[in-house]
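Engineer: I'd like to ask you about the structure that follows.
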Amino acid sequence: MGESKFNESDIQLTDFSNDSAPTELFGATVVATVNSLPIFADDVLEAHAQNLGKAEEQLSPEEMNKLRARLIQQELPQHIEKALLVSALREDIEKEQYEQLTTQVDNLFEKEIDRLKERYDVETKIELQRILEQQGTSLESLNTAFASRELSMFYIGRKSKDATTLSRQELMDWYEQNKAQYAIEAAAKWQQIRINITADGGREAAFTRMKQAIDALRNGTDFGEVAKQFSDGPKRDTGGVWDWTKQGSLADEKIERALFEIPVGKISQPLETKSAFVLVKVSERREAGFVPFEEVQDKINNKLQSDARRDAAQNVIKDLNNTATIWTIFDKKPGASAPTAPAKF
């Protein structure tokens, strides 16, 4: 492979029999049909165009064909799914309505073209087309993929609309059943003045320094300023400020107890730990509980609507798949052996 950026290990080749893989898996070769609607090789391979271009410089025609076959087999299910939905949409609405819908999709794609022009910093479609061709794709391929995606989404939305209507009681029931995920742990915001008991000064020196800090507080000096002047703690430069600290997260039981027992805004008595004298001041505290239903109602609604649409979409696709006529190049032919790795839909 030399110095090429393409790595064959990214895409493993599969051994297909001659019956399983046509000799020309590109361009307008039909690789599947859904209710007589054809799916073309280039449309399926469009997402891999750049890598295929690099691979073509290094692989033999036979190896390239195996590579294309594997990629088509990998990508085909989602293209069949979209084709199923587009086919069903055409049968579900009047011809005139379908034509109006495709016109709207074409107009949306024009906006997508404008976005691509801006992305690649070009002014015209011709310039954009040249850049896309260098990447192994084209405006036509992008348009086909865009239209297929938009039309299939429209059909899914049309069929799953009723499944997304949820009452307030349904939302509350779900909230109660899943209340644990909205639990709020008790926590406090606080400040600390910490005077370390050092080996050279010992306990007496630390206590004397703590008395100096307490005197400054009694004289009206702000707690944060006293912390900056006297504290040995890790938050000294920011006035000894600690953000929300959950109950039960501190190793020292004395400090932990003070954080959740002293009144908010008050300063604790000097607390002596194994290695320091400490003063704490609680600036905010929240009790354990649950996020109120009203605060999460919209999020729950959005989640359940999304889940309902997904489930409805899966059911629609399953029903369509059961009644559709689908053929792929990987289907077993009469009198031929089955492919090494048959496609599953």
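Engineer: Tell me, which residue of the stretch 21-62 that is among the hydroxyl-bearing types (S, T, Y) and closer than 19 Å to V86 by Cα is surrounded by the most Cβ atoms within 10 Å (Cβ to Cβ)?
Structural biologist: T33
Engineer: A follow-up question, please. Determine which member of the set R115, R90 is surrounded by 12 or more Cβ atoms within 10 Å (Cβ to Cβ) and either at pLDDT 90 or above or of a type in the set (D, E, K, R) (or both).
Structural biologist: Sole residue among the options that is surrounded by 12 or more Cβ atoms within 10 Å (Cβ to Cβ) and either at pLDDT 90 or above or of a type in the set (D, E, K, R) (or both): R90.
Engineer: Let me ask something additional. Would you be able to tell me the number of residues in the stretch 237-259 that are among the charged types (D, E, K, R) and in a helix (DSSP H, G or I)?
Structural biologist: 5
Engineer: What's the total number of residues in the stretch 169-210 that are of a type in the set (D, E) and either touching a Leu at 6+ places or on another chain (Cβ under 8 Å) or under 19 Å from G233 (Cα atoms) (or both)?
Structural biologist: Result for the stretch 169-210: 3.
Engineer: Of the residues in the stretch 211-266, how many are hydroxyl-bearing (S, T, Y), surrounded by 12 or more Cβ atoms within 10 Å (Cβ to Cβ) and within 41 Å of the chain's Cα centre (by Cα)?
Structural biologist: Count: 2.
Residue-by-condition table, conditions (1) out of contact with any strand residue (DSSP E or B) (no Cβ under 7 Å at 6 or more places or on another chain); (2) without any contact (Cβ under 8 Å) to a residue 24 or more places away in the chain; (3) surrounded by fewer than 16 Cβ atoms within 10 Å (Cβ to Cβ):
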position: M64; (1), (2), (3): yes, yes, no
position: L71; (1), (2), (3): yes, no, no
position: L76; (1), (2), (3): no, no, no
position: I80; (1), (2), (3): no, no, no
position: L85; (1), (2), (3): yes, no, no
position: D121; (1), (2), (3): yes, yes, yes
position: E127; (1), (2), (3): yes, yes, yes
position: L139; (1), (2), (3): yes, no, no
position: R149; (1), (2), (3): yes, no, yes
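Engineer: Right, another one. State all residues of the stretch 325-345 that are at pLDDT 85 or above and either loosely packed, with under 11 Cβ neighbours inside 10 Å or touching a helix residue (DSSP H, G or I) at 6+ places or on another chain (Cβ under 7 Å) (or both); if no residue qualifies, say none.
Structural biologist: Across the stretch 325-345, the qualifying residues are T325, I326, T328.
Engineer: Can I ask one more? Kindly establish whether G265 is under 24 Å from A288 (Cβ atoms) and small (G, A, S).
Structural biologist: So G265 passes the test.
Engineer: Among the residues of the stretch 193-210, write down those that are surrounded by 13 or more Cβ atoms within 10 Å (Cβ to Cβ) and charged (D, E, K, R).
Structural biologist: Matches in the stretch 193-210: R194, R209.
Engineer: Here is a further query. Would you confirm, using the coordinates I've provided, whether A188 is touching a residue at least 40 places away in the same chain (Cβ under 8 Å), surrounded by 14 or more Cβ atoms within 10 Å (Cβ to Cβ) and within 30 Å of A288 (Cα to Cα)?
Structural biologist: In short, yes.
Engineer: Still on this structure, please answer the following. Within the set of pairs 6 or more residues apart or between chains, which connect a residue that is in the same structural domain as G265 (by TED's automatic domain parsing) and closer than 16 Å to R236 by Cα inside the stretch 211-224 to a residue that is among the polar types (S, T, N, Q) and surrounded by 13 or more Cβ atoms within 10 Å (Cβ to Cβ) with Cβ atoms less than 6 Å apart?
Structural biologist: Here the result reads F223/Q191, each pair linking the stretch 211-224 to a residue that is among the polar types (S, T, N, Q) and surrounded by 13 or more Cβ atoms within 10 Å (Cβ to Cβ).
The values are calculated or read from the model by the stated rules, or taken from the named source; none is laboratory data. The structure presented is a predicted model; accordingly, all values stated were derived computationally and were not measured. Virtual Cβ from ideal backbone geometry, glycine too; neighbours counted across all protein chains shown.
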